[in-house]
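K.L.:
Mind having a look at this structure? Questions to follow.
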Amino acid sequence: MASPAEAKLGQRVLDAVDEGVEKRWGPAVERASRATGATPDERVVEVTQSFRRELGLAGAAAGGTAAVPGVGVATSTAAFVAELGWSTVRLSDLILTIAALHGHHDAPTDERRLWVLSILTYGDSAASKVARLARDMGVKVNSSSSQRIPAETVRRMNNRLGYMILSRYGTRRGALALGRMVPFGIGAALGYGLNAYVVKSTARHAHRYFGELPTRVQKLAPASIIES
């Protein structure tokens, strides 16, 4: 059972994911349209570098704050929870931008939530894990099928992933963040490095996920059905 602190951390992550998928899809599509790389790979690298700089600097600031002499545990924990929420929104932005770079421009909210939750939860194996989860819920998934995943099944998958994200993502980030509780400067460096690493790995996972999506995951029902 999650402790109160873990539960708070996990809920902050889920709230941040919801903010990303519900409110920031348009800017992600616009951001993808501005990428100038000649190939999809180059455009993903370009977008990733921008996010790495931004989140790396934010991680440095949070790491430094946590290590300032005289800053209490409660204050540093609150700062980390706030930074985790903000960085999770930005990772959602990154995932949605990479989705748009792969040509997915018209996905409804539930589908976008499935993308973000599955990539943050499963990482590099997200596509195959999502296909397995759909099968576990009674939906036949294979590379040649055009069968659509029912909207209710997608919501059930999102609910399952929401329960899992605390142990697979929130707690892992929390454990990594313990490295920030060291003398000022070193903590800031660790904060920068950790966030930069998380951005790079998340981009790699998303790039693979959307590269496999057409053959590993069935298409969802039309937006008019899902959002009714």
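The values are calculated or read from the model by the stated rules, or taken from the named source; none is laboratory data. Because the structure is a prediction, the values reported are computed rather than measured. Ideal geometry is used to build each Cβ from the backbone, glycine not excepted, and the neighbour counts take in all protein chains shown. Note: accessible area is taken over every heavy atom of the protein model, side chains too, but ligands, DNA and RNA are not part of it. Shrake-Rupley method; radii C 1.70, N 1.55, O 1.52, S 1.80 Å.
K.L.:
In region 89-142, how many residues are modelled with pLDDT under 90, polar (S, T, N, Q) and open to solvent by 10 Å² or more (accessible area, probe 1.4 Å)?
P.N.:
2
K.L.:
Restricting the search to region 91-122, which residues are farther than 20 Å from Ala35 by Cα, under 9 Å from the mean Cα position of the chain (by Cα) and β-branched (Val, Ile, Thr)?
P.N.:
The answer is Val116, Ile119, Thr121.
K.L.:
Kindly list, by first and then second residue, each pair from a residue in region 6-32 that is over 18 Å from Arg155 (Cβ atoms) to a residue that is of a type in the set (Asp, Glu) and part of a helix (DSSP H, G or I), limited to pairs with Cβ atoms under 8 Å and residues at least 6 apart or on different chains.
P.N.:
Arg24/Asp93; Pro27/Asp93; Ala28/Asp93; Arg31/Asp93
K.L.:
Another question about this same structure. Being crowded, with 19+ Cβ neighbours inside 10 Å and modelled with pLDDT under 95 is the requirement here; does Ala62 meet it?
P.N.:
yes
K.L.:
OK, next. Scan Gly103, Gly85 and give me the residue that is without any contact (Cβ under 8 Å) to a residue 12 or more places away in the chain and out of contact with any Ser or Thr (no Cβ under 9 Å at 6 or more places or on another chain).
P.N.:
Gly103
K.L.:
Follow-up. Pairs under 6 Å by beta carbon, first residue acidic (Asp, Glu) in region 119-141, partner at pLDDT 90 or above and buried (at least 18 other Cβ atoms within 10 Å of the Cβ), six or more apart or different chains?
P.N.:
Filtered contacts from region 119-141: Asp124/His205.
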